[in-house]
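Novice: Before anything else, here's the structure in question.
The values are calculated or read from the model by the stated rules, or taken from the named source; none is laboratory data. This one's a predicted model, so the numbers in the text were calculated from it and none came from an experiment. Because the Cβ atoms are built from the backbone with ideal geometry, glycine has one as well, and the counts that use them run over all protein chains shown. These accessible areas exclude ligands, DNA and RNA; they are computed on the full protein's heavy atoms, side chains included. Shrake-Rupley method; radii C 1.70, N 1.55, O 1.52, S 1.80 Å.
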Amino acid sequence: MNTLLPPDEVRGMKVFNIDKFTKPVTVPVIVINKNYIENANKVLKNYIIKLNNFKPIRNGSNDSECVFYLDPTKFSSCEDFNLTYISTENLNYEQIEVGYNNWNHDEILKAVLPEKSMLSSYSTIGSIIHVNLKPELLDFKDIIGRVLKTEYEIIYGSSDLKTTIKENKCFFDLDFSEVYWNPRLCTEHERILQKLKPNDILYDVFAGIGPFSIPAAKLGCIVLANDLNPNSCKWLKINKKKNHIKDELLTIINKDGSKFIQEDLKAHCILWSKTITSENKIHVTMNLPAIAVDFVKYFNNLFEWEEISDHSLPILHVYSFVKTDKSFEEGLKSIMEEYLSNIKDDDIQEIIRVRNVAPNKEMVRITFQMRKDIVCKSESIKKRKLDEIKIEDSVKKIKEDS
């Protein structure tokens, strides 16, 4: 048993009581001459008490002495130190008082919450902490809120959920009651941005408040940012202005992702296909992992064959959740077979395991180059349609003659 952890009596606490965390602990204390402090510290640093707001090395009762407060769970005898100037004569035991301010959030919550229902994780977003609570932890909202000093949901604190975040040299304002932000995706956002260069085109199908779109436009890319949530678009516009993004670099659209692909992306891509050079790329980000793979089908036969050039074929960055109860490979294979069966191995540029989101569940990004025979109606289809038109015209003419 670790005597320096919070007392057992706080287990199951639902109403916050800071006094319940206070307890006395008897700890070993080593008193040495200050002449030896530098050398002694090299050994004793592995034994001293490590608690928040606790000073384990202090001045002694006179100017020539120094006192080391040791962790009782690590110390057994002075012989362990193998130092000639430390013996049992230097050893004392002293009662100290430890309490709430000596432990971090995780240690306190681990002591308070039911052992089989721990808080899995929480995210810090500006001045807000986002907590996903399991049903069995709802009764502990007050204690969790006070420990984390969180302002989300709102389980504790102010009703103001507005905050500002800095990421990839851009500032993002948001109201967490209206939109979502995941700070765990910062590295992934940066990975995508490293693939972009000025004058590239980015179509952000599920843009949110702009973690891809804003820094891409600031880089000099031409961006069409879409989101179905009007609040996301509202904050995207605010962040566009906040980061001094020009209108010609960032267009914000509010519609369903399928309509965005079939209408705005299609029209814009056809227009720019006439001017874009082989030096630049067209990228499509689809970061809505619960359903994004189901939107890839809207690229099938999206264009007429002659409407886009070979070097304007888009690169898709598609996010998905992969079940890993059997294995990651089996889960990924299932996604590929169900949603991306027309994508060949040679088309795939990168598969990134972004993060674990739950037991047996991972978030993954699949980056692949779209082929012309997928996004364009084939020339044979075009020929067949022309033949059908000719037949229809012939039938019409016969009817008119008769």
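Novice: Let a ≥ b ≥ c be the square roots of the eigenvalues of the Cα gyration tensor of segment 170-380; is it rounded (a/c under 1.5), or, if not, prolate (a/b larger than b/c) or oblate?
Specialist: Cα axes put segment 170-380 in the oblate bin.
Novice: 7 Å from Cα along Cα→Cβ at both E248 and S87: what's the point-to-point distance in nm?
Specialist: With each label point 7 Å from Cα toward Cβ, the separation is 8.6 nm.
Novice: Now a separate question. Would you mind calculating the gained length between V31 and E79 on full extension (0.36 nm times residue separation, minus the Cα-Cα distance), in nm to one decimal? List each step's numbers first, then the result.
Specialist: Numbers: separation 48, 0.36 × 48 = 17.28 nm, distance 1.49 nm.
Roughly 15.8 nm would be gained on extension.
Novice: Within segment 340-366, list the residues whose amide N lies under 14 Å from a label point set 7 Å along Cα→Cβ of R191.
Specialist: Within reach of a label on R191, which here means backbone N under 14 Å from a point 7 Å along Cα→Cβ, segment 340-366 contributes 349-357, 362-366.
Novice: Which of the aspartates and glutamates could be linked to K333 by a straight reach, that is with a Cα gap under 19 Å, when you skip same-chain ones fewer than 8 residues away?
Specialist: Partners within reach: D294, D325, D345, D346, D347, E350, E362.
Novice: Taking 7 Å along the Cα-to-C-beta vector as the label spot, tell me the D175-D347 distance in nanometres, rounded to one decimal.
Specialist: My value for the distance between the label points is 4.2 nm.
Novice: Hey, what's segment 23-98 come to in accessible area per residue, 1.4 Å probe, Å²? Can you show the working numbers first?
Specialist: Details: 4630 Å² over 76 residues.
Result: 61 Å² per residue.
Novice: Here's something else I'd like to know. Based on the Cβ-Cβ distance from K166 to D19, what FRET efficiency comes out when R0 is 51 Å, to the nearest 0.05? Before the final figure, lay out the partial values.
Specialist: Numbers: r = 39 Å, r/R0 = 0.76.
Between K166 and D19 the formula returns 0.85.
Novice: Oh, and also: For a test of the definition: using alpha carbon positions, the gyration tensor, and the 1.5 limit on a/c, classify segment 207-272 as rounded, prolate or oblate.
Specialist: Here segment 207-272 falls in the oblate category.
Novice: In the chain, what percent of the accessible surface is made up of carbon and sulfur (1.4 Å probe, ligands and nucleic acids excluded)?
Specialist: Answer for the chain: carbon and sulfur cover 48 percent of the accessible area.
Novice: Next question, about the same structure. Can you tell me the accessible area per residue over segment 170-380, all protein chains present, probe 1.4 angstrom, in square angstrom? Intermediate results must be reported in sequence, preceding the final value.
Specialist: On the way: 9700 Å² over 211 residues.
I get 46 Å² per residue for this part.
Novice: For the chain, calculate the relative contact order in percent as a whole number, restricting contacts to Cα pairs under 8 Å that are 6 or more residues apart.
Specialist: For the chain, the relative contact order is 10 percent.
Novice: For the residue pair L271 and K333, what label-to-label distance in nm results when each label sits 7 Å from Cα along the Cα-to-beta-carbon direction?
Specialist: Going by the 7 Å Cα→Cβ label model, 4.5 nm.
Novice: Which of rounded, prolate, oblate describes the chain, given a ≥ b ≥ c as roots of the alpha-carbon gyration tensor eigenvalues and a/c under 1.5 marking rounded, otherwise prolate only if a/b is larger than b/c?
Specialist: Taking the square roots of the gyration eigenvalues as a ≥ b ≥ c, the chain is prolate.
Novice: Whole-Hz Karplus ³J(HN,Hα) for segment 3-16, in order, using 6.51 cos²θ - 1.76 cosθ + 1.60 and θ = phi - 60°, x for Gly and Pro?
Specialist: 6, 8, 8, x, x, 4, 5, 7, 4, x, 4, 10, 10, 4
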